[in-house]
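Take a look at the structure below.
The values are calculated or read from the model by the stated rules, or taken from the named source; none is laboratory data. Worth saying up front: this structure is predicted, and the values here are computed from it rather than measured. Because the Cβ atoms are built from the backbone with ideal geometry, glycine has one as well, and the counts that use them run over all protein chains shown. Quick note on the areas: whole protein, heavy atoms, side chains included, nothing else; ligands and nucleic acids left out. Shrake-Rupley method; radii C 1.70, N 1.55, O 1.52, S 1.80 Å.
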Amino acid sequence: MGAQWKAKHRETAANAKGKIMGKLAKEIQIAAKSGADPDMNPRLRLAVEQAKKASMTRETLERAIRKGAGLDGDAVQYTAVTYEGYAPHQVPLIVECQTDNVNRTVAQIRVLFRKGQLGASGSVAWDFNHVGLIEATPNAAADPEEAAIEAGAQDFEAGEEEGSTLFITDTTDLDAVQKALPDQGFTVTSAKIGYIPKNPVSAASLSAEALAEVEAFLEAIDENEDVQNVYVGLTD
């Protein structure tokens, strides 16, 4: 599945460029706009858990929460912007950004897409399903199929991390399924609204040179500081 392929390369690129902490801090800031208490803010709680897992320092984490919640002055203002288009060799992708300067972001995205094709809104989205995505790790004897049925998920598949499961839901059911999974023996590690490709391009259908071009393009996109999520129509 495209999201799994993307994640492997995203992690490598982000760590190499020192970008992952910035992305996590931005997610915390955005989530904290709805409240600075993780116990009362599910999105913030998940963002904090992910930041801790990535070894973010307590000082950095708390500073991001305070900045996002406006506890030290004006809250940070980010605008969500989505771009659609194709990587080289007609691999479709959707790029979600959070930016404090839309003009800067669109200029950078246009440059990055010179080796691909930047499309208009809706030009690629039709080839993706808009769904809820919940990553969760099982307790000892938890069964993902049973958990998906009981929690109300539409489907499930192997997650990005070894041993984890990705539960796929209707967008309106994301919160309910997220809350139900712990009772089915799963610990939720991330939950968001995202995209899954309907007709992904097979990596096996591309030459080694072509695949390298696609990878380089995707890594350059993901390294941009305003990019939060990249959904790619490419399967192993």
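Restricting the calculation to Cα atoms, the chain yields a radius of gyration followed by a Dmax of 17.9, 53 Å.
Where the only charges are on Cβ atoms (+1 Lys, Arg; -1 Asp, Glu), what is the dipole of region 118-192 about its Cα centre, to the nearest 20 debye?
On the way: 2 positive and 15 negative charges, 62 e Å.
Dipole of region 118-192, to the nearest 20 debye: 300 debye.
In this structure, the amide hydrogen of G119, modeled 1.01 Å from its nitrogen in the peptide plane, lies closer than 5 angstrom to those of E84, G85, Y86, counting only residues at least 5 positions away or on a different chain.
What order do you get for 163-176, 104-117 when each peptide is scored by the mean count of other beta carbon atoms within 10 Å, highest first?
Numbers: 163-176: 17.6, 104-117: 15.7.
Highest-to-lowest ranking by the protection proxy: 163-176, 104-117.
Projecting the Cα atoms of Q90, L181, A147 onto the charge dipole of region 66-192, computed from C-beta unit charges around the Cα centre, puts Q90 farthest toward the positive end.
Ranking Y78, I168, A212 by how far each Cα lies toward the positive end of the dipole of the chain (charges on Cβ) leaves Y78 at the top.
Could you report region 27-159's accessible area per residue, 1.4 Å probe, as an integer in Å²? Provide the component values of the computation, followed by the final result.
Details: 7340 Å² over 133 residues.
Result: 55 Å² per residue.
Based on C-alpha pairs under 8 angstrom that are at least 6 apart in sequence, the chain has a relative contact order of 26 percent.
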